[in-house]
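Colleague: This structure is in structure tokens; I'll ask about it shortly.
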Amino acid sequence: MRKISPQELFDPLYTLLLDLPVTLRQDVIFSIQKVKESETSERNRQMLDLILQNADVAASEKIPLCQDTGAVSVFLEVGLDVSFEVDPARTIDRAVREAFSEGSFRPSIARDAFLDRTNTADNTPAFVSAKLVPGSSLKVDVLVKGGGCDNASAIMMMRPTASATEVADAVAKVIINAGPNACPPFVVGVMLGGSFDTAPSMAKKLLMRDLASPALHPALKELEDDITSKVNASHIGAGGFGGDNTLLRVFVETAPSHIASLPVAVNISCHSLRSGSIIL
Amino acid sequence: MRELNLPLDRATVATLNAGDDVLISGKVFVARDQAHLRLVEMIKNGQELPVKLRNAVIFYAGPTPGRNGNSIGAIGPTTSSRMDPFTPALLEAGIIGMIGKGRRSPEVKEAIRKHGAVYFAALGGVAALYSKMVVSAKVVAFPDLGPEAIYEVEFKRMPCIVEIDTSGKSLYERTMRTER
């Protein structure tokens, strides 16, 4: 039995949460620097440059990258040997509350989506999910994500006989429809499989992956390339002002599903991709 | 790159074209979802509004709290389309321009054209940079809304692009390539 105390979880999580809203992920920075070199639109190069400058100012002065410092999503991988003294969701909320106060980040959670939209004033609750895995470790993946790009995301229940082209077209269409509204250039997670409820969660979790990581299967590489070229052909560009680069990277993963279903979950992230992991 | 000093007048606005780069200096009202809901409700009920809308520019944003003595922190545009249902009423009430990001509805484009107004797009996600252009900021209405309160914010040379001009032309529509 591995007992994890609240403090053991709180301390590194609090530190991470103080950092995430002011830190643009390094792999995203590299990706933007890279696409800037081959970008043919002068204006898009300027926009990409502003994003990089913003990241510098944010990191050095601890000012948030974006005023939407996000809802906090936490994906826990809990070893079967792990036990908690206190419900980890409570510890997580405490870390969010204190980090968002100390960092002067924006409270962005409503008490109830329909019955009472009063701001909870402390950015809680976090959205916590947990998976059980063998062993005695606790892995904590944290993503802070704004509302605009989540609003542009989608789940489509496609025909199980849909072709790769049909899937690519459907996914590209969601991303192109998001357009300037969700703050391109984008990073996108696509889950093909699972069920209506598990697919969106898995799609969002894909945003934790490094932008330089290879596709998981040759057929998925083809699909990712097809989606990327279709989206970039729209010429939406950074901020939607026109350019060659609208999609920095799309991650496609697959999973088992019902024989009648092909769930296609598309989770779009804006360019302010902010995430990190803790392993206890 | 044109320097625009607020307040704007309709004659100046009529010379702006979709795609023009501008630097905006002066005071704007920062207001988003909940504030728009309240303002339009008050207009419908014939109540006096807490802010003067005639020739005002509204910036759709919800800033982070300030630190080190600043009244606000990071600030940048939020998605304008969520304010579309309320915009024709505010244009009717006299606002001259809006700053946000993302597409507007055909009804909003038409209302912009009808009232000789303008819609500017700012770049989303560079809120640390924009915070450096804030001269002053204060809450002027609905303080109970926290980050969704109406702020009056003075900017110095904030870069924006004309997205919809007074003729109703859109920059996004021009730059996007659709499959034929």
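Every number in this text was worked out from the coordinates using simple rules, so none of it is lab data. Since we're looking at a predicted model, the values are computed, not measured. Cβ coordinates were reconstructed from backbone atoms using ideal geometry, including for glycine residues, and neighbour counts include every protein chain displayed.
Colleague: Amide H neighbours of A:PHE127 under 5 Å, counting only residues 5+ apart in sequence or on other chains, H built in-plane at 1.01 Å?
Modeller: A:VAL72, A:SER73, A:VAL74
Colleague: Another question about this same structure. Quick one: grab Rg to one decimal and Dmax as a whole number for chain A, Cα atoms only, in Å.
Modeller: Expressed in Å, the Cα Rg and Dmax of chain A come to 19.1, 59.
Colleague: Distance between the C-alpha centers of the stretch B:31-69 and the stretch A:104-176? Whole Å please.
Modeller: Using only Cα atoms to place each centre, the spacing works out to 29 Å.
Colleague: Report the gain in length on full extension from B:VAL51 to B:ARG67: 0.36 nm times residue separation, minus Cα-Cα distance, nm rounded to one decimal.
Modeller: Answer, rounded to one decimal: 3.2 nm.
Colleague: Next up: Need one number: % antiparallel among DSSP beta bridges in the protein assembly as shown, to the nearest 5.
Modeller: Percentage antiparallel, nearest 5: 60.
Colleague: What is the distance, in nm, between label points placed 7 Å from the Cα along the Cα-to-Cβ direction at A:ASP112 and at A:HIS258?
Modeller: 3.0
Colleague: Among all the lysines, which ones have a C-alpha under 16 Å from B:LYS169's C-alpha, if same-chain residues fewer than 8 places away are not counted?
Modeller: In chain and number order, the partners are B:LYS101, B:LYS109, B:LYS114.
Colleague: Same structure again: Please give the length that would be gained between A:LYS173 and A:GLN53 if that part of the chain were fully extended, namely 0.36 nm times their separation in residues minus their C-alpha to C-alpha distance (nm, one decimal).
Modeller: Contour length minus Cα-Cα distance gives 40.1 nm.
Colleague: Distance from a point 7 Å along Cα→Cβ of A:PHE30 to each backbone N in the stretch A:246-268: keep the residues under 15 Å and list them by number.
Modeller: Inside the label zone: A:249.
Colleague: Label B:LYS44 and A:ARG2 with points 7 Å out from Cα along Cα→Cβ: what is the distance between them in nm?
Modeller: Each label point lies 7 Å from its Cα, and together they span 5.6 nm.
Colleague: Moving to a separate point now. Of B:ASP33, A:ASP68, A:ASP197, how do they rank once you tally other Cβ atoms within 10 Å and put the fewest first?
Modeller: By the 10 Å Cβ count, ascending: A:ASP197, B:ASP33, A:ASP68.
Colleague: Which whole-number percent gives the relative contact order of chain A, counting Cα pairs below 8 Å spaced six or more residues apart?
Modeller: Reported as a whole number, the value is 26 percent.
Colleague: Sorting A:SER195, A:SER163 on the 10 Å Cβ count, fewest up front, what's the list?
Modeller: Ascending number of Cβ neighbours within 10 Å: A:SER163, A:SER195.
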